[in-house]
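The values are calculated or read from the model by the stated rules, or taken from the named source; none is laboratory data. For clarity, every value in this text was computed on a predicted model and none was experimentally measured. Reconstructed Cβ throughout: ideal geometry from the backbone, glycine too, with neighbour counts over all protein chains shown. Keep in mind that these areas ignore ligands, DNA and RNA; they rest on the heavy atoms of the full protein, side chains included. Shrake-Rupley method; radii C 1.70, N 1.55, O 1.52, S 1.80 Å.
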Amino acid sequence: MFGCDCLYCDGQAVGWIHDSVLSLHEVGLPYLPEDIKRPAKEDKIQELVIPFDYVNADWLPRAVQDTADIRRNQK
């Protein structure tokens, strides 16, 4: 429907995958690399574009899990 795939972790929507690009919901994770651009608080879309170079990064699975945990607690 949206032209992309929703990424879920533990029943929580944490981001999108489209054309080999991962967008992760912005939840304020402090340990992400500095080159990942964070949206401004006033931006309508609150997502982080994770560059393909990070596909095997050690922190990425943790970021997906932490995003799911934070989103679950925000509800």
### Message
Contact list please: Cβ distance under 7 Å, first residue in segment 11-33 and in contact (Cβ under 8 Å) with a residue 60 or more places away in the chain, second residue outside any loop (DSSP other than H, G, I, E, B) and open to solvent by 30 Å² or more (accessible area, probe 1.4 Å), pairs at least six apart or on different chains.
### Response
Gln12/Arg71; Gln12/Arg72
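Among the candidates Leu22, Leu29, which residue alone is surrounded by 10 or more Cβ atoms within 10 Å (Cβ to Cβ) and at pLDDT 95 or above? Before you say what the answer is, go through the steps one by one.
Values: Leu22 fails: at pLDDT 95 or above.
Answer to the check: Leu29.
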### Summary
A careful count of residues in segment 44-71 that are exposed (fewer than 15 other Cβ atoms within 10 Å of the Cβ), at pLDDT below 95 and assigned to a helix (DSSP H, G or I) gives 2
### Query
Hey, Pro39 hits all of (1) surrounded by 11 or more Cβ atoms within 10 Å (Cβ to Cβ); (2) part of a helix (DSSP H, G or I); (3) not hydrophobic (A, V, I, L, M, F, W, C) but one; which does it fall short on?
(2)
